[in-house]
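Novice: Here you go, one structure.
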Amino acid sequence: LAGAIFSNVTKMLDFYSQFNPSPLSIKQFIDFGLNACERQSFMFLRKELPVRLANIMKEIALLPENLLRMPSVGMVNQWYERSFEEIIQFEKMEPEPPVLSQFCERLVHIRNRHADVVQTMAQGVLELKESHEVDPGTENSIQYFLDRFYMSRISIRMLINQHTLLFGEQIGAKQASVNGIGNGGRHIGSIDPACDVVAVVKDAYENARFLCDRYYLASPELEILQGGVPSDRPMPIVYVPSHLYHMLFELLKNAMRAVMEHHESAPPPIQINLIAGKEDIAVKMSDRGGGIPRSVTDLLFKYMYSTAPQPSKSDSHTVPLAGYGYGLPISRLYARYFHGDLVLMSCEGYGTDAVIYLKALSNEANELLPIFNRTSSKFYRPVATLADWSGSLNTGSQPGKNREK
Ligand SMILES: O=S(=O)(c1ccc(O)cc1O)N1Cc2ccccc2C1
């Protein structure tokens, strides 16, 4: 029987992975949420969630053997297989109330099962680093995979959160989503159509400052500018506050650590400049924390570089303010998820600017989703490439001029 079940799941994976994920824009999430219909949401998700799960599960199967065999990666893979099987069971069910509420409960169960996926995958990367030599080709495959894997996870959790917030049994979920009372900001699921960037900046700053004070017994002040002029007037945008908070909190922790470690006393303030353009909204955070050389800036987004043994829970308050966990790479994924970006510009010896770019128009803020196909599969069988620019660090081993090109 197990064999039969296995082959059936494999067949279903092949079936659903043939479809491309369907990206939604923030505008579409809002338009649907304003007169949300649970039946329609159910009909969409019981197809779209298996499509997104199957697309990324096919890539997990293409991972370098050494990583795929790590115990933690095996565990994550099992979670994905179990969740995939549970959702496709709703394929043939009638969209009647009892099934709709079962579906909602099942989504909550799946979201909880996958709560620790980020650190469990990081553990898998650590197991690989500690057990095998990792060649540059494998490292590139892992970087490519994890960006896509975590982006896929962000998108699946976004769909689950919208459905459970709009139709779930939380207190106040009903009237809040229907006529907007009971939630002052008229949130549509996890989206706030009037998310005040200044308020989220202050919230993230207060929380980062608390950690900084506890560790350094001091913390830098914050200056908020809008268009280069000091102002903390509200700045409403259409966005997911929790995503914006996650990015700001990470960048503020890094900036505070840099400033406190670069100045014995009187730390210079961190400056956040908010600029609303026609296409882009830019949140530029500037610190005078001494910066880092360009050769290091790229490493900060590398999962392999950022994976280090986790400090034990007991001394977690002694963990440096900004570790080098996956905070920066995942914050960049949150920015890119709705077609924005997160870039670092460091000037060694002076300080670092970090810019979060967001789409100004909600109809342009489309989900950015990984697609499993021949193109993505090629990334997992990297062929040795010849240098096409001279003078790079590893030219020593390149074949001579008159030999094969
Ligand atoms: O690399 S950084 O320039 C830096 C990186 C990211 C960021 O958001 C802000 C930053 O400032 N910076 C992090 C850090 C930590 C300890 C000591 C010195 C520094 C320098």
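Novice: Tyr305 fails exactly one of the following numbered conditions: (1) within 16 Å of the ligand (Cβ to nearest atom); (2) part of a helix (DSSP H, G or I); (3) modelled with pLDDT of 90 or more. What is the number of that condition?
Specialist: If we test Tyr305 against (1) within 16 Å of the ligand (Cβ to nearest atom); (2) part of a helix (DSSP H, G or I); (3) modelled with pLDDT of 90 or more, just (3) comes out false.
Novice: Something else now. Go through region 13-56 residue by residue and tally those that are over 22 Å from Phe167 (Cβ atoms) and of a type in the set (Lys, Arg).
Specialist: Final tally of qualifying residues: 0.
Novice: Follow-up question, since we're still on this one. For region 20-50, which positions are within 20 Å of Ile371 (Cα to Cα) and open to solvent by 70 Å² or more (accessible area, probe 1.4 Å)?
Specialist: Result: Asn20, Phe44, Lys47.
Novice: What is the residue count in region 121-168 for residues that are assigned to a helix (DSSP H, G or I), of a type outside the set (Asp, Glu) and under 17 Å from Lys302 (Cα atoms)?
Specialist: 22
Novice: Would you confirm whether or not region 165-173 contains a residue that is out of contact with any Pro (no Cβ under 7 Å at 6 or more places or on another chain), of a type outside the set (D, E, K, R), at pLDDT below 95 and open to solvent by 40 Å² or more (accessible area, probe 1.4 Å)?
Specialist: Yes: region 165-173 contains one or more residues that are out of contact with any Pro (no Cβ under 7 Å at 6 or more places or on another chain), of a type outside the set (D, E, K, R), at pLDDT below 95 and open to solvent by 40 Å² or more (accessible area, probe 1.4 Å).
Novice: Could you please find all residues in region 269-300 being within 10 Å of the ligand (Cβ to nearest atom), open to solvent by less than 60 Å² (accessible area, probe 1.4 Å) and of a type outside the set (Val, Ile, Thr)?
Specialist: Matches in region 269-300: Met285, Ser286, Asp287, Gly289, Gly290, Gly291, Pro293, Leu300.
The values are calculated or read from the model by the stated rules, or taken from the named source; none is laboratory data. These numbers were taken from a predicted model, which means no experiment stands behind them. Glycine also receives a Cβ, built like all others from the backbone with ideal geometry; neighbour counts cover every protein chain displayed. Note: accessible area is taken over every heavy atom of the protein model, side chains too, but ligands, DNA and RNA are not part of it. Shrake-Rupley method; radii C 1.70, N 1.55, O 1.52, S 1.80 Å.
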